[in-house]
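**Student:** Structure in C-alpha cells, see below.
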Amino acid sequence: MNISDPKWKLVWSDEFDGKELDKNKWRFDIGNNNGWGNNELQYYTEGKNVKIENGMLIIEARREDVKDGNRTYNYTSSRIKTEGLFSVQYGKVEARIKFPYGKGLWPAFWMLGTNIRYVGWPMCGEIDIVEFLGHDKWTVYGTIHGPGYNGGKAISKSFKADATKDKSFVDEFYVYGIMWNEDEVVWYVNDKIYHRVSRESLEKQEKLWVFDQPFFIILNLAVGGNWRGYPTFETPFPARMYVDYVRVYKLENE
C-alpha cells in the first residue's frame, strides 16, 4: 500500500470548519467509567471540554473538580467517537494533530470494532493509530490489541522525530494514519511508514486476526493511567489537543 496512491478517494471527513462539533458525525463518551480500564483520572464531559476554533477541534483537559454520585474527580476532558454514526472497514484513516506537553497527559486517535457491545474488548479489536505520552515530546506509538495480545502484550512500535532537524510533536502538526486491508495494518507519520502487522504474522503466533470488520473512530485526551503515570503540579493545565482534520479514504474500485 502506498500513502500517496492517487487511487485513494476521500469517503468521509471532518475538517472542523463549523462553529461547533458536528453531532451528525460525533458522539460523546461521558464519565470516568472506573478509570476506563486504565486507572485514568479524568471525567469526560458532554461537550464542555470541546470547542471548534479557527478550523480546529480543540480537546481541553482541565484541573478542576467534578462530582458524580459520591465520587469527586479532579480533572475533566473529552472523548468523542463516531460509534453508531460512521464506521469503516479497510482504507486509509488519518488525522493532522498537535499534542499537549506535560507528564500524565495521554492523547490518542484510535479505533474500536463496532461489535464491542456484543463481544467485548479485546475480542472486538483495537487499532491505536497514534498515542502520545505527554512527558516525551519526541515519541509517538502505533499499536493493535486483540485476544491474547492486549494491554501489556499489545503489538506496538514507537516512532521518534529527529530532534536535530524536526520540530517535536507538541510544537508542530503531524499527520498520523494507518493503511488497512484484509491482510495487514500499516502505520505512518507524515509520509514515513514505521510499523506494520500482518494477518500472517499473527496467525503464525496462533493469534486471532480480528481486523476484518467495521471499526469506529475515537479522539480523546486522557489524564493519568497505568501507562507511564500521572500528572504532577508541574503539568500545565489547561492542556489542549489540536486536531486540524480527520479523513477516511478508500481505494477506488474497492
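**Student:** Within the stretch 103-112, is there a residue that is open to solvent by less than 50 Å² (accessible area, probe 1.4 Å), assigned to a loop (DSSP other than H, G, I, E, B), under 26 Å from TYR174 (Cβ atoms) and touching a residue at least 24 places away in the same chain (Cβ under 8 Å)?
**Tutor:** Narrowing the stretch 103-112 to residues open to solvent by less than 50 Å² (accessible area, probe 1.4 Å): 104-112.
Applying the additional criterion that residues be assigned to a loop (DSSP other than H, G, I, E, B) yields 104.
So of that shortlist, the ones also under 26 Å from TYR174 (Cβ atoms) come out as 104.
When the remaining residues are screened for being touching a residue at least 24 places away in the same chain (Cβ under 8 Å), the result is 104.
Among the residues of the stretch 103-112, at least one is open to solvent by less than 50 Å² (accessible area, probe 1.4 Å), assigned to a loop (DSSP other than H, G, I, E, B), under 26 Å from TYR174 (Cβ atoms) and touching a residue at least 24 places away in the same chain (Cβ under 8 Å), which makes the answer yes.
**Student:** Quick check on MET1: is it at pLDDT below 95 and either touching a Leu at 6+ places or on another chain (Cβ under 7 Å) or among the aliphatic types (A, V, I, L, M) (or both)?
**Tutor:** On the way: at pLDDT below 95: yes; either touching a Leu at 6+ places or on another chain (Cβ under 7 Å) or among the aliphatic types (A, V, I, L, M) (or both): yes.
Yes; evaluated as a whole, the condition is true for this residue.
**Student:** Could we say that ASP166 is outside any loop (DSSP other than H, G, I, E, B), among the acidic types (Asp, Glu) and under 27 Å from PRO238 (Cβ atoms) here? Before you say what the answer is, go through the steps one by one.
**Tutor:** Working: outside any loop (DSSP other than H, G, I, E, B): no; among the acidic types (Asp, Glu): yes; under 27 Å from PRO238 (Cβ atoms): yes.
Judged against the criteria, ASP166 is not a match.
**Student:** Right, next: Take the residues in the stretch 153-165 that are farther than 13 Å from VAL140 by Cα and in contact with a strand residue (DSSP E or B) (Cβ under 9 Å, 6 or more places away or on another chain), then tell me which one is most open to solvent (accessible area, probe 1.4 Å). Lay out the reasoning, then the answer.
**Tutor:** Start the filter on the stretch 153-165 by keeping residues that are farther than 13 Å from VAL140 by Cα, which leaves 153-155, 163-165.
If we keep only those that are in contact with a strand residue (DSSP E or B) (Cβ under 9 Å, 6 or more places away or on another chain) as well, we get 153-155.
On the way: LYS153: 152, ALA154: 24, ILE155: 39 Å².
Within the stretch 153-165, the match that is most open to solvent (accessible area, probe 1.4 Å) is LYS153.
**Student:** Which condition from (1) closer than 24 Å to ASP166 by Cα; (2) open to solvent by 20 Å² or more (accessible area, probe 1.4 Å) is the one that ALA95 breaks?
**Tutor:** The number of the failed condition is (2).
**Student:** Another one. Looking at GLY225, is it open to solvent by less than 30 Å² (accessible area, probe 1.4 Å), in contact with a helix residue (DSSP H, G or I) (Cβ under 8 Å, 6 or more places away or on another chain) and either of a type outside the set (A, V, I, L, M, F, W, C) or in contact (Cβ under 8 Å) with a residue 12 or more places away in the chain (or both)? Can you show your working first?
**Tutor:** Numbers: open to solvent by less than 30 Å² (accessible area, probe 1.4 Å): yes; in contact with a helix residue (DSSP H, G or I) (Cβ under 8 Å, 6 or more places away or on another chain): yes; either of a type outside the set (A, V, I, L, M, F, W, C) or in contact (Cβ under 8 Å) with a residue 12 or more places away in the chain (or both): yes.
Here the answer is yes, as GLY225 does meet what is asked.
**Student:** In the stretch 98-140, what count of residues is obtained for those that are hydroxyl-bearing (Ser, Thr, Tyr) and closer than 25 Å to LYS160 by Cα? Steps first, answer last, please.
**Tutor:** Within the stretch 98-140, the first condition is being hydroxyl-bearing (Ser, Thr, Tyr), and the residues that meet it are 101, 114, 118, 139.
Narrowing further to those that are closer than 25 Å to LYS160 by Cα: 101, 139.
Adding up the residues that qualify gives 2.
**Student:** So, one more: List the strands (runs of 3 or more DSSP E) inside the stretch 4-83, counting only whole elements, that have at least 3 residues being among the charged types (D, E, K, R) and surrounded by fewer than 18 Cβ atoms within 10 Å (Cβ to Cβ).
**Tutor:** Details: elements: 8-14, 27-29, 42-44, 50-53, 56-68, 71-77, 79-81.
Counting at least 3 such residues, we get 56-68.
**Student:** Among the residues of the stretch 182-205, which ones are surrounded by 15 or more Cβ atoms within 10 Å (Cβ to Cβ), over 19 Å from the mean Cα position of the chain (by Cα) and either free of Cβ contacts under 8 Å to residues at least 24 places away in the same chain or outside any helix (DSSP H, G or I) (or both)?
**Tutor:** Listed by number, the list holds a single entry, ARG199.
The values are calculated or read from the model by the stated rules, or taken from the named source; none is laboratory data. Here the structure is a predicted model, which is why all the values come from computation and not from measurement. No Cβ is skipped: glycine too gets one built from the backbone with ideal geometry, and neighbour counts run over all protein chains shown. Protein only, heavy atoms only, side chains kept; ligands, DNA and RNA dropped before computing areas. Shrake-Rupley method; radii C 1.70, N 1.55, O 1.52, S 1.80 Å.
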